[in-house]
Amino acid sequence: MDILKPIAVDNWHGEINNETAQEALHALEHGKIVFLPQLNFTLSADENSLLSPALTDPKRKNISFNPRSGKTSGALGSILQQVQLKNLLHRYHQHTLALINSLFPSYQKHLTAGRTSLRTVEIAGRSSSYKKDDSRLHVDSFAATPVNGLRILRVFSNVNPHGVARIWQTGEPFSTVAKRFLPEIPSMSAVEQRLLHLFKITKTPRSLYDHFMLNIHNRMKKSIAYQQSVIKTTLSLPPKSSWIVYTDQVSHAAISGQHVLEQTFYLSPTAMHYPETTPLFVLEEMLKHSLIIKNKEMTPSIAEEEY
Ligand code: SIN
Ligand code: FE
């Protein structure tokens with residue numbers, strides 16, 4: 001079965017017929033990548049000149065924008081360039097919000113925007129610790145900003161001006177990944193949870209869901225044997241295209257490429273049409289107990305981390 005679900009949408013208001021929208025939603029929640037080959041995010045000539053890794057703080061993987069505060073981080077360059085970068089990220093945020101609202105109208109009430117990012121650093125050859133190495137297959141999970149079961153939905157657009165595709169790999173379905181790694185992960189004690197919060201390692205208490213997801217993320221990336229032996233599919237995501245994916249569910253790796261925009265959204269698992277496909281449901285079924293902190297405020301902090 002093909003991991004990509006191509007959908008013919010060529011504008012950011014995402015006008016598609018009802019039947020196609022249903023198919024897109026089914027594919028998305030079942031761990032496919034909704035691929036929009038004709039959906040280009042157009043940059044002005046001025047904005048194209050911002051596509052330089054020299055404008056990204058060398059300590060970071062990308063420039064990010066927090067739509068709630070309106071602040072960017074990781075951007076270098078002149079004041080004018082910083083304003084242009086912020087405007088670009090803000091516009092991408094607005095476009096992706098319009099896209100998700102019209103492609104998946106049932107999500108509308110449940111969407112919380114996370115950060116927006118511009119990734120101009122070539123992935124191939126980028127050095128990093130194994131935990132930050134996105135060229136290894138992984139599912140997304142944030143160490144400092146627990147999601148307490150919320151989904152991580154991401155929109156990407158390849159804005160490479162030199163015709164270069166972004167190369168991704170995908171691995172096994174989430175349930176297979178979970179079966180492989182969950183049995184070896186010890187649970188988290190209440191003491192550990194309190195200490196992580198007390199020492200501000202996490203912004204809010206880490207739920208068991210976050211504990212298991214982060215461990216799966218780290219253990220997938222750490223195991224060279226797993227990375228080498230698991231069956232992978234290689235995808236070429238061309239310039240002038242966009243794609244939408246639940247990165248907490250789809251095992252993915254970014255192998256090479258330069259210049260993408262990305263927007264993260266958080267969604268309650270109760271907003272899903274197929275709740276049995278969520279990582280939360282899969283893990284709770286395997287462990288036979290609840291993994292989230294009940295009655296917790298559901299607006300997550302915006303992850304600054306770059307997993
Ligand atoms: C990732 O989410 O692991 C990286 C995706 C990308 O930058 O293409
Ligand atoms: Fe990732």
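The values are calculated or read from the model by the stated rules, or taken from the named source; none is laboratory data. Note that this is a predicted model, so its numbers are computed, not measured. Ideal geometry is used to build each Cβ from the backbone, glycine not excepted, and the neighbour counts take in all protein chains shown.
If a residue must be of a type in the set (S, T, N, Q), in a strand (DSSP E or B) and away from ligand 2 (no atom under 15 Å from the Cβ), how many such residues does the range 257-281 contain?
Our first condition is that a residue be of a type in the set (S, T, N, Q); within the range 257-281, this holds for 258, 263-264, 268, 270, 277-278.
Narrowing the set further to residues that are in a strand (DSSP E or B) leaves 263-264.
Narrowing the set further to residues that are away from ligand 2 (no atom under 15 Å from the Cβ) leaves none.
So the answer is 0.
Tell me, yes or no, whether the range 129-141 has at least one residue that is part of a strand (DSSP E or B) and in contact (Cβ under 8 Å) with a residue 12 or more places away in the chain.
In the first step, residues of the range 129-141 are kept if they are part of a strand (DSSP E or B); the result is 138.
Adding the requirement that they be in contact (Cβ under 8 Å) with a residue 12 or more places away in the chain leaves 138.
Yes, the conditions are met somewhere in the range 129-141.
Taking only the range 50-67 into account, find how many residues are farther than 14 Å from Arg119 by Cα and out of contact with any Lys or Arg (no Cβ under 9 Å at 6 or more places or on another chain).
So the first thing to find is which residues in the range 50-67 are farther than 14 Å from Arg119 by Cα, and the list is 66-67.
From what is left, the residues that are out of contact with any Lys or Arg (no Cβ under 9 Å at 6 or more places or on another chain) are none.
Within the range 50-67, residues that are farther than 14 Å from Arg119 by Cα and out of contact with any Lys or Arg (no Cβ under 9 Å at 6 or more places or on another chain) number 0.
Those strands (runs of 3 or more DSSP E) of the range 30-100 in which at least 2 residues are in contact with a Leu (Cβ under 9 Å, 6 or more places away or on another chain), considering only elements entirely within it, cover 33-36, 63-66.
Pick from the range 241-256 the residues that are more than 9 Å from ligand 2 (Cβ to nearest atom) and more than 10 Å from the chain's Cα centre (by Cα): which of them is farthest from Val121 (Cα to Cα)? Step by step, filter the range 241-256, then rank; the result is Ser251. Scanning the range 222-244 for residues that are part of a strand (DSSP E or B) and surrounded by 18 or more Cβ atoms within 10 Å (Cβ to Cβ) returns Leu235, Leu237, Ser242, Trp243, Ile244.
Pairs are defined by a Cβ separation below 9 Å, a sequence spacing of at least 6 or placement on different chains, a first member in the range 252-269 that is on the phi > 0 side of the Ramachandran plot, and a second member that is within 15 Å of ligand 2 (Cβ to nearest atom) and at pLDDT 95 or above; the pairs so defined are Gly257/Arg119; Gly257/Arg166; Gly257/Ile167; Gly257/Trp168; Gly257/Leu237; His259/Arg119; His259/Arg166. Screening Val147, Val177 for residues that are outside any loop (DSSP other than H, G, I, E, B) and β-branched (Val, Ile, Thr) leaves exactly one candidate, Val177. Is it the case that some residue within the range 218-236 is under 30 Å from Lys109 (Cβ atoms) and out of contact with any Gly (no Cβ under 6 Å at 6 or more places or on another chain)? No, every residue in the range 218-236 fails to be under 30 Å from Lys109 (Cβ atoms) and out of contact with any Gly (no Cβ under 6 Å at 6 or more places or on another chain).
Against the numbered list (1) within 17 Å of the chain's Cα centre (by Cα); (2) surrounded by fewer than 22 Cβ atoms within 10 Å (Cβ to Cβ); (3) over 19 Å from Leu283 (Cβ atoms), Arg166 comes up short only at (2). Only a single criterion out of (1) charged (D, E, K, R); (2) more than 19 Å from the chain's Cα centre (by Cα); (3) under 15 Å from His217 (Cβ atoms) is not satisfied by Lys294, namely (3).
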